[in-house]
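Peer 1: Here it is: the structure, laid out below.
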Amino acid sequence: MKQILLAAAACLAVSPAMAANYCDSRGSNSSYEWIAAISLNGISQASGNNGGYLDATNKPPLQLSGKGDRLELRPGFISTQYPENWGVWIDFNQNATFESNELVMTAQGNTAQSAIINLPAGASGTTRMRVQMRWGSAAQPCGSYTYGETEDYLVQLPGAPSQAAYPYSLTLEPDFWVTRSGELGDRLAMIVEKDGTRVLSRNAAGNLRDRYSNHQTGSVYKIWLEAFINGAYKQVSNLITYRPGTTDRVLLSRDVINNTITPSVDFQGEWIIAPENAEQTRLPAQTGQPLRYPFVYGVRYQVWAEATINQKSEPISVPLAFREGFPSPYIDVEVEADFLLRHNGPANNSLLWVIREDGVEVFRQATGNASQLRYPFQTGRKYKVWLEQLVGNEWVLVSDAEYFSPGLSDQHQLTIDTNRQITRSGTLGESVTWVIEEGGNVVLKRYAGNELAYTHYRFDPNKPYRVWLVRFVDGYYQRVSNVVRYGQGSTPTDGSENFLPLYQLGVDANQLLTRSQGNHTMLTWVIEQDGVTVLERLASNELSYRYFNYSPGKTYRSWLKAYIDGRYQRVSPIVTY
């Protein structure tokens, strides 16, 4: 039987998808360690133990953009975590040989490893990528070895030499907010040019999202990132171009259920559908009709509206970017003052906590039914925390990412009272700054050194607010306090919680929950026992329910949630018993 399996694996090593005869590479024993998964630009390919070799070249190719592609490699162990040697090769010249200059990544360690993949100029087409993890000696592209595993994948290289391999990417959002890739702390400057004249160069290390505020209608603005490289500032991102008064005439919204894109106002012009690394499609806009298009599952798209202005076709909307069939981030992650992690997503085993410490992944674990996590964070280390969800066979980012550093992020404590006055610890004269965020956008930065309390003058009860302190540390502004929240979706200090008051909920002496009438088809009971969610049950077909596993002496909290506006929201008070 073993000989049959080896023969089958040898046949798979010559994949029909790659009509070439590559050298063989395999581990003879993968019982103790193997390649658990690889991840390219956040898209994970889980594989598990494949007996020393996996041929994945019959799967769709992984996409390389040439713009700071990040490859992450995750080992799997049966028990002891051995120090592994990694090697990754890409056959750029497609001659069926992995040459020394095609080695794109090496790493050593017993945890997940990651690096930016650099592509040679002009790299194009579809080719093979080989990933090897072995114990006891340095990785080599060919030959057999004892412990470990080799995996082969197809990768799609950028299509043309003109696509500059910038390490960072910028994305334009409504109201001319700009989001960048990379991490907090990256030594970058955001450059703004107005009508051909540079008007701003601002430190971008402390922001992943920023906005130039001094716009003038009709002027053309260009934004990009620069970094100091080899004694000079050089462009390190794509270029964003827009014209206030033109690019914001139409706001686009997408209905993922009906697969339509609707403009905020009718326009005469064309829809532009731009799949990643493929030709654009132009379709005429029809008055009173949304855009309907057969988007392909798994493909990334940008869609925008164009119209003829002064005999020239110009964008009249900010592009709508999405990946067909994959959710956008919809879960909020919170870091409490004592670094307890919380999330407001569903109690679902397909969710994973992911923690990076000083740039290296150190934790990946299912949330189970718990909405919180206690992790032994270390003082002086820098952390990034987020949630991923299993979509098909890929792990996809579905939450915001939180950055913090124990010993720095807890230097000050913030509290908020029922009148929204925020009070900070510390003394007058400290170089700290209030940051006020409204609806996900930073709307105010205010020097806090001459005041110990502040109330933001503007308040919309229909929007969520977040407030924290920052201080200039190691070349950029970093958070030095906990985050307080108020407004929609927050928890005020009086113990009540904001929610959509759509249902009434009560509980009697026999622990029977009873709800009011309603018409939500995705209405759910949520039962929490001693702070841990133990049950989520469809409630749309019943007006009352008693938790079957009730135990006297334990504390229970129950509420209703419904799927509204693209996410689950609480729609009843919380009852405690």
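The values are calculated or read from the model by the stated rules, or taken from the named source; none is laboratory data. Predicted model, so just to flag it, every value in this text is computed and none were measured. Because the Cβ atoms are built from the backbone with ideal geometry, glycine has one as well, and the counts that use them run over all protein chains shown. These area figures cover heavy atoms from the full protein model, side chains too; ligands, DNA and RNA do not enter into them. Shrake-Rupley method; radii C 1.70, N 1.55, O 1.52, S 1.80 Å.
Peer 1: Run the helix sum for the chain: -39,500 (n - 2.57) per DSSP H stretch of 4+ residues, divided by residue count, reported at 222 nm to the nearest 500 deg cm²/dmol.
Peer 2: After summing the helix terms and dividing by the residues of the chain, the value is -500 deg cm²/dmol.
Peer 1: Also: Could you give the accessible area per residue of region 353-485, probe 1.4 Å, as a whole number in Å²?
Peer 2: Ligands and nucleic acids excluded, the figure is 46 Å² per residue.
Peer 1: If you find the alpha carbon centre of region 441-455 and of region 531-546, how far apart are they in angstrom?
Peer 2: Spelled out, the Cα-based centre of one part sits 42 Å from the other.
Peer 1: Moving to a separate point now. Could you work out what % of the accessible surface of the chain is carbon and sulfur, using a 1.4 angstrom probe and leaving DNA, RNA and ligands out of the count?
Peer 2: 49
Peer 1: A further question follows. Can you give the convex hull volume per residue for the Cα atoms of region 252-324, as a whole number of Å³?
Peer 2: 88
Peer 1: With a 1.4 Å probe and every protein chain left in place, work out the accessible area per residue of region 16-157 in Å², rounded to a whole number.
Peer 2: 40
Peer 1: Return a single number: how many Lys pairs in the chain, at a sequence separation of 8 or more or on separate chains, have alpha-carbon atoms below 21 angstrom apart.
Peer 2: Step by step, the pairs that qualify in the chain add up to 9.
Peer 1: Now, a different point. Calculate, for region 501-576, the solvent-accessible area per residue in square angstrom, rolling a 1.4 angstrom probe over the heavy atoms of the protein chains.
Peer 2: 54
Peer 1: If the only charges are +1 at each Lys and Arg Cβ and -1 at each Asp and Glu Cβ, what is the size of the charge dipole of the chain around the Cα centre, to the nearest 20 debye?
Peer 2: Magnitude of the dipole: close to 480 debye.
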